[in-house]
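What follows is a single structure, written as structure tokens, with notes after it.
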Amino acid sequence: MTVTRAWIILVGLSALSTLVAASGLDGRWLAAAVLPLAGLKGHVILNYYLQLALAPEIARGFSLVLGLFIALLIGLSILPSA
Amino acid sequence: MTALHSLSFSQVSSGGPGGDAPPASPSAQAPDRPDPFDKLPGEFMMWVLIVSELLVFGAGLVAFLALRITDPTGFAEAQSHLHRVGAGINTIALVTSGWLAALAVQAVEAGRIARMRTLLAPAAALGMVFLVLKASEYADLAAAGISFETHAFFTFHILLTGFHAAHVLAGIVLLALVGILARPRAVETGAAFWHMVDLVWVLLFPVVYLL
């Protein structure tokens, strides 16, 4: 993937986050929708802006930690509305 | 097979071009696996910095959401005072700035110094746009009598976004410096710092401004 395509994806994901936030969703549903989008943006930045795609083993490690971190954030976000 | 055997043997027995190294241990006789860290783009120390910064901001965001459990209504009310639209614009400004910085790395690697500088200048300018919008939010909060101590939300908001804004400022200075130096390794390292700033913001923005 080129960096220009990565940028287009990042702008698209940011627009999608804004749409979800403006849609009136709140509480656990907003967290469950918006935080994975943030995780995807992080994944794109790590792999294509920071070029971790060139080091696949390390990229996998970063993706795993990022995924766990997003899951933790979702869990903490859901608790107040549970 | 013979060639492979002789290659392994010569590597093990010579220990290098000089051929006078001590005999290798049995574990060293296994074919060398490429070190995954060799493939890391940019300076290794910049990656150490990136990981440390991500850990610091990550801990801050976890603490923020953990504290929010104790007072969800207060946090939601406090959040309504923030500039959500401005923060959304800042997201686009940073990801676009990161794109320009990534293109600048490609330009300097191709020996196109003038193009690299033409790309880094708007990348840094978008960083300034970010800081202006952020300053406008802080000014409005101050005008409304909201400070660091008004509510735990604002304590974390100012700490997290203020620390991040300091990194944006440092990143702008770094982009200017590597643009002047015009060395591929320096530009790659400066851009890596800038992408880290970008990465932190895309994680911070939804937690502090949207949830």
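Site pair residue A:65 and residue B:89 shows an inter-label distance of 3.5 nm when each label is modelled 7 Å from Cα along Cα→Cβ.
To the nearest ten degrees, helix A:56-78 and the longest principal axis of the Cα atoms of chain A are 10 degrees apart.
Can you tell me the 0 to 90 degree angle between the C-alpha axis of helix A:27-44 and the longest principal axis of chain A, rounded to 10? Compared with the principal axis, the helix lies near 10 degrees. Other protein chain C-beta atoms within 10 Å of residue C-beta, averaged over B:90-99: 5. Annotation: amide H-H contacts under 5 Å for residue A:25 (H modelled 1.01 Å from N, sequence separation of 5 or more, or interchain): none.
The Rg/Rh ratio for chain A is 1.04, where Rg is the radius of gyration of the alpha carbons and Rh is the Kirkwood radius. Once the Cα-Cα distance is subtracted from the 0.36 nm per residue extended length, the residue B:148 to residue B:59 segment shows a gain of 30.1 nm. What separates the Cα centres of the range B:118-185 and the range B:74-98 is a distance of 12 Å.
Take the Cα of residue A:79, step 7 Å toward its Cβ, do the same at residue B:38, and the gap between the two points is 4.5 nm.
Of the chymotrypsin sites (Phe, Trp or Tyr not before Pro) found in the range B:139-186, those that fall in a DSSP loop while having at most 16 other beta-carbon atoms within 10 Å are B:148. Each Cα pair under 8 Å and six or more residues apart adds its sequence gap; the mean of these over the residue count of the range A:3-81 is a relative contact order of 37 percent. Inter-chain neighbour count for B:196-203: the average number of beta-carbon atoms from partner chains within 10 Å of each residue's beta-carbon is 6. Residues in chain A average 48 Å² of solvent-accessible surface per residue, probe 1.4 Å, ligands and nucleic acids excluded.
The values are calculated or read from the model by the stated rules, or taken from the named source; none is laboratory data. Quantities reported herein were computed from a predicted structural model and do not represent experimental measurements. For neighbour counting, all protein chains shown are included, and Cβ atoms are generated from backbone atoms with ideal geometry for every residue, glycine included. The protein model used for the area step is the full one, side chains on, heavy atoms only, and it has no ligands, DNA or RNA in it. Shrake-Rupley method; radii C 1.70, N 1.55, O 1.52, S 1.80 Å.
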